[in-house]
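Structure, as structure tokens:
All of the numbers you see were taken from the coordinates with simple rules; none came from a lab. What you are looking at is a predicted structure, and each value in this text was computed from that prediction instead of being measured. A quick note on method: Cβ atoms are made from the backbone with ideal geometry, for glycine too, and the neighbour counts reach across all protein chains shown.
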Amino acid sequence: LAKTTQPISMDSYEGQEVNITCSHNNIATNDYITWYQQFPSQGPRFIIQGYKTKVTNEVASLFIPADRKSSTLSLPRVSLSDTAVYYCLVGPSTSNTGKLIFGQGTTLQVKP
Amino acid sequence: SAVISQKPSRDICQRGTSLTIQCQVDSQVTMMFWYRQQPGQSLTLIATANQGSEATYESGFVIDKFPISRPNLTFSTLTVSNMSPEDSSIYLCSVLITTGANEKLFFGSGTQLSVL
């Protein structure tokens, strides 16, 4: 399973764009990149998933370069409620065991 | 998507006792997982709960300490046996939902366990 490396923490201010980068140098051909968000006292929540290039949904964008050895989660115009821990996961396709391993995550603190 | 109900949401237990955590899913799922999250830490996978067979445990976790049941495709239990204060953690149930080529994990809200 591919290991991921993220910054341990980041600070931002309301209204700013936040970019969190994740390194996954040994990503496999069939692996997808998925980001989860976790608030205190809650289980992680799916944010976005991608395989290559760019993916955008109503919450975030995910940028994946051609070599797929890293990815960047982009949160536009963050608010205080975006303060959370963000996890980058690199996981196998449905042909594999399905289990996903969490790295240390990035604690994002949004300040007023 | 999937809605996961996990209970109890929290408990305070005495050392040496056991606690069984229940996880109920609103749809049939093949893959269910149990994670542990110690205070201030990331999630650690305990085991994969397989319906109709024994659970598959990760390194550092054993069946005697964390017995798991998976009687059907919507339900699982995790027991934390012979508890010690080191077992104080949040225990999370999750399921893997596959839609085409996309896979997503959905989590319960967790069980916060404190062992005295």
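Only residues that are touching a Phe, Trp or Tyr at 6+ places or on another chain (Cβ under 9 Å), more than 14 Å from every other protein chain (Cβ to nearest Cβ) and not polar (S, T, N, Q) were counted in segment A:19-34, giving 1.
Here B:Ser42 clears all of (1) without any contact (Cβ under 8 Å) to a residue 12 or more places away in the chain; (2) more than 13 Å from chain A (Cβ to nearest Cβ) except the condition numbered (2). Can we say B:Pro67 is in contact (Cβ under 8 Å) with a residue 12 or more places away in the chain, away from chain A (no Cβ under 14 Å) and closer than 30 Å to A:Ile8 by Cβ? The answer is no for B:Pro67. The single condition among (1) part of a strand (DSSP E or B); (2) farther than 24 Å from B:Thr17 by Cα that B:Ile90 does not meet is (2). Of the strands (runs of 3 or more DSSP E) lying entirely inside segment A:23-79, the ones with 3 or more residues being aromatic (Phe, Trp, Tyr) and surrounded by 13 or more Cβ atoms within 10 Å (Cβ to Cβ) are found at A:32-38. The sole residue among B:Gly60, B:Gly52 that is touching a Lys or Arg at 6+ places or on another chain (Cβ under 9 Å), assigned to a loop (DSSP other than H, G, I, E, B) and not acidic (Asp, Glu) is B:Gly52.
The residue that is surrounded by the most Cβ atoms within 10 Å (Cβ to Cβ), counting only those in segment B:79-116 that are within 12 Å of the chain's Cα centre (by Cα) and away from every other protein chain (no Cβ under 14 Å), is B:Val80.
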